[in-house]
1. Taking the stated definitions as given, is residue 182 closer than 24 Å to residue 336 by Cβ, of a type outside the set (Asp, Glu) and in the same structural domain as residue 106 (by TED's automatic domain parsing)?
2. Look at segment 193-214 and say how many of its residues are more than 10 Å from the chain's Cα centre (by Cα) and under 20 Å from residue 125 (Cβ atoms).
3. Condition test on residue 184, is it under 18 Å from residue 137 (Cα atoms) and either part of a strand (DSSP E or B) or at pLDDT 95 or above (or both)?
4. Can you tell me which residue among 258, 299, 279 is crowded, with 21+ Cβ neighbours inside 10 Å, touching a helix residue (DSSP H, G or I) at 6+ places or on another chain (Cβ under 9 Å) and in contact (Cβ under 8 Å) with a residue 60 or more places away in the chain?
5. Taking residue 325 as meeting all but one of (1) under 30 Å from residue 448 (Cβ atoms); (2) surrounded by fewer than 22 Cβ atoms within 10 Å (Cβ to Cβ), write down the number of the exception.
6. For segment 240-289, enumerate the residues that are touching a Gly at 6+ places or on another chain (Cβ under 6 Å) and small (Gly, Ala, Ser).
7. How many residues, within segment 377-391, are small (Gly, Ala, Ser) and more than 12 Å from residue 338 (Cα to Cα)?
8. If you take the residues of segment 426-451 that are exposed (fewer than 14 other Cβ atoms within 10 Å of the Cβ) and small (Gly, Ala, Ser), which of them is farthest from residue 225 (Cα to Cα)?
Amino acid sequence: MRFLVTKHRVPHAGTASPGLLGIVLGLLIALLGLAACAAPVTEDRLEPSGRPTVLRVPGQFPSIQKAVDSARSGDTVLVFPGVYRESVAISKPQIVLRGTDRSRVVIDGEFKRTNGITVTGAASVVENLTVRNHLANGLLFTGVTDEALQGAGAGGGANYDPLDTIKFPALRGFRASYVTAYNNALYGIYAFDARDGVIENSYGSGQADSGIYVGQCNPCHTIVRNNLTEHNAVGMEVTNASKGLYLLGNTIHRNRVGLTVLSNNLEALGPQHSAVFVGNTISDNNDDRSPEQADGGFGIGVGIGGGTRNIFEHNRVEGNHVGAFVLQDVQGYPAVGNQIKGNAVDDGQLGLVVMAHRTANNCYSDNGRAPTSPYPLPRALTTCPGRNTAMPVPGRLPTVDAVPPGVSFRDVAAPPPQPGMRDARHAAARPALHLPGKVTLAAYGLPGPRR
C-alpha cells in the first residue's frame, strides 16, 4: 500500500534552525516507518473505512475464501493465475469475484469437493475464471442457504422439499461472465432459486448433466446470452423457470441433447412457462464422447417436456440425428401453447416430433421443409398461434441403431482456452444490480449456417 507523503517547503538551510529541521526530518522518518510497517498485508482489509477496494489473491490473502470472508459489500476479490484447490462460498451481497486470466485462474475440485463456487449473496458476480472437477456443480447461484442442500439436493430430489420457497426465497441479482466450467458431475453453471440475473460469454463442457441450467424461478427476469456449451449430456436446461427468461444468441452444439425445456415435480413452481428462445444455434447434438444422458436421450436439438407458452424463433436447429424439436407431455404436465416459428431447420432430421394424442394450442410454422412425425401435421398445428386439436396418431422418435454409451464426465477432454474479459486487472467492478436490463430481441437474428 502506498502512503502519500506531503512535501513541505523547508526554509533555506542557511536560515533554518537546527531544531526545526530536525522536527521535519523526524516526521518524514516516522511516516516512512509507518509505511514500512503497513506494507505486509495479512488477512485484514486494506480500506478499514469501508470504501470498496480490491483484495488480491494470493498476494494479500492465502486463499480465495479468506479474501471473500474479509470482503465487504462492493469489494472486488481479484485472483491471479494459479490452481486453487478449495471451495468458495460467497454469502455477502455485491461481491465481485474476478480472475485476472480466465483459463489460468482455476478452482479445481479434484473430484472430491461438491461445488466450486456457491453464491448466496445478492447481486454478487463471478467472472473470468475456470471451475472444474467437482462432484456436483462448478458455479451455483441459489437462494438455498442450507449447505446440506447445495449439492445434488439443491435441484430437487429426495433431500429437497420442492414446496419450501418461503424458507428459501430466491436470490435477487447474480451474474456469471466469462466463466469456463468443465468436467463437473452435475451442472457447469447452475442458477436455481435465483432471479434478476445474467449468464453471458461463458462456456460449459463435460458435465454429466448440463452445461448451463436455470431452474425454479417465477419470475426469472434472467438472460442467458452468447454462451457456448458442448460435450455435455445436455447443453442447456430450463426446468420450472418462467417469465422474463431469455436464451439469446447461444451456441449449443455437439452435446448428446442440445436444449431441454421441462416441467417436473422435483422442483417447485411448475409448470414451466413463458420463456423466449431467439437467435440460438442448436446443432449436431449427437456427440458420442460426452457423458451419458440420465434419461437416455441422444440426437435431439430441443426437447420440450411439459413446457408451456414458450416462444422459439429465429434459431438455427440443424444436424441433430433424431429430431430438431420434440414435444411431449410429462408427469401430468401437458405441453401447452408453445410457438415454434421462423427457425432454420434442415431436412436431414425430423423437424418436429409430437409425442401426444392431442396438441394443446402449440404451433409449428415457417421452419423449413424438414419432415415431421406424424406427417403431415394437422393444419391447426401449422399456423401460429396454435389451436387445440387431436393428433391422428402420436409421433414417434426414429430408431437409432446404436446409441453410443458415453464416457465418464471425468474423461471428457479439457477445452481449449476461451476468450477472456478485457482489462480484467483494472476494469471497474459491476455488481449484479438492476439486471437483466433492457432486452432487445431484434439484436438476435437468425444465425448463419454452421460450418
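1. Numbers: closer than 24 Å to residue 336 by Cβ: no; of a type outside the set (Asp, Glu): yes; in the same structural domain as residue 106 (by TED's automatic domain parsing): yes.
For residue 182, the condition - closer than 24 Å to residue 336 by Cβ, of a type outside the set (Asp, Glu) and in the same structural domain as residue 106 (by TED's automatic domain parsing) - is not met.
2. Start the filter on segment 193-214 by keeping residues that are more than 10 Å from the chain's Cα centre (by Cα), which leaves 193-196, 205-210.
When the remaining residues are screened for being under 20 Å from residue 125 (Cβ atoms), the result is 193-196.
Residues in segment 193-214 being more than 10 Å from the chain's Cα centre (by Cα) and under 20 Å from residue 125 (Cβ atoms): 4 in total.
3. On the way: under 18 Å from residue 137 (Cα atoms): yes; either part of a strand (DSSP E or B) or at pLDDT 95 or above (or both): yes.
Answer is yes for this residue.
4. Working: 258 fails: touching a helix residue (DSSP H, G or I) at 6+ places or on another chain (Cβ under 9 Å); 299 fails: touching a helix residue (DSSP H, G or I) at 6+ places or on another chain (Cβ under 9 Å).
Going through 258, 299, 279 in turn, just one is crowded, with 21+ Cβ neighbours inside 10 Å, touching a helix residue (DSSP H, G or I) at 6+ places or on another chain (Cβ under 9 Å) and in contact (Cβ under 8 Å) with a residue 60 or more places away in the chain: 279.
5. (2)
6. 241, 249, 258, 263, 279, 283
7. Going residue by residue through segment 377-391, those that are small (Gly, Ala, Ser) are 380, 386, 390.
Retained after the next criterion (residues that are more than 12 Å from residue 338 (Cα to Cα)): 380, 390.
Residues in segment 377-391 being small (Gly, Ala, Ser) and more than 12 Å from residue 338 (Cα to Cα): 2 in total.
8. In this case the residue turns out to be 428.
The values are calculated or read from the model by the stated rules, or taken from the named source; none is laboratory data. For clarity, every value in this text was computed on a predicted model and none was experimentally measured. Reconstructed Cβ throughout: ideal geometry from the backbone, glycine too, with neighbour counts over all protein chains shown.
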